[in-house]
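Peer 1: Got a structure here, written out as structure tokens. Questions coming.
The values are calculated or read from the model by the stated rules, or taken from the named source; none is laboratory data. Just so you know, these numbers come straight off a predicted model, no measurement behind them. Every residue, glycine among them, receives a Cβ derived from its backbone with ideal geometry; neighbour counts consider all protein chains shown. Please note that ligands, DNA and RNA were not included when accessible areas were found on the heavy atoms of the full protein model with its side chains. Shrake-Rupley method; radii C 1.70, N 1.55, O 1.52, S 1.80 Å.
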Amino acid sequence: MIVATIHPLPDGSLSLDAVRAQRVAKVAEMASRLVESGAFVDHGDSIMTLVSFGYSPFEVHALLADARQTAAEHVVAMEMCEP
């Protein structure tokens, strides 16, 4: 009798995990810059701030919405933690 062992295949490309991790790290970094400067509230200010920190225009436009959302969530969480 032969016992077959079934191994699950990875879901998607193995390189996608690395790309996702880089994207999450970049969004977190951008969000912290926006929180530092307080520019996450206004769309235009957010763009100008991130470009002034040296992010490429492509990165800014590709990740801006996520960075602003992350920054806003961080600020709300910090305000809720205040006694």
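Peer 1: Anything in region 40-83 that is of a type in the set (Gly, Ala, Ser), closer than 21 Å to residue 24 by Cβ and surrounded by 10 or more Cβ atoms within 10 Å (Cβ to Cβ)? List them, or say none.
Peer 2: 46, 56, 62, 65, 67, 71, 72
Peer 1: All but one of (1) part of a loop (DSSP other than H, G, I, E, B); (2) open to solvent by less than 40 Å² (accessible area, probe 1.4 Å) hold for residue 30, so report the exception by its number.
Peer 2: (1)
Peer 1: So, one more: Which pairs do you get when a residue that is without any contact (Cβ under 8 Å) to a residue 40 or more places away in the chain, found in region 64-78, comes within reach of a residue that is buried (at least 16 other Cβ atoms within 10 Å of the Cβ) and not in a helix (DSSP H, G or I), reach meaning Cβ atoms under 7 angstrom, with the pair 6+ apart or on two chains?
Peer 2: Correct list of pairs: 68/40; 72/40.
Peer 1: Here's something else I'd like to know. Quickly run through region 5-20 and pick out the residues that are at pLDDT 75 or above and open to solvent by less than 60 Å² (accessible area, probe 1.4 Å).
Peer 2: 18
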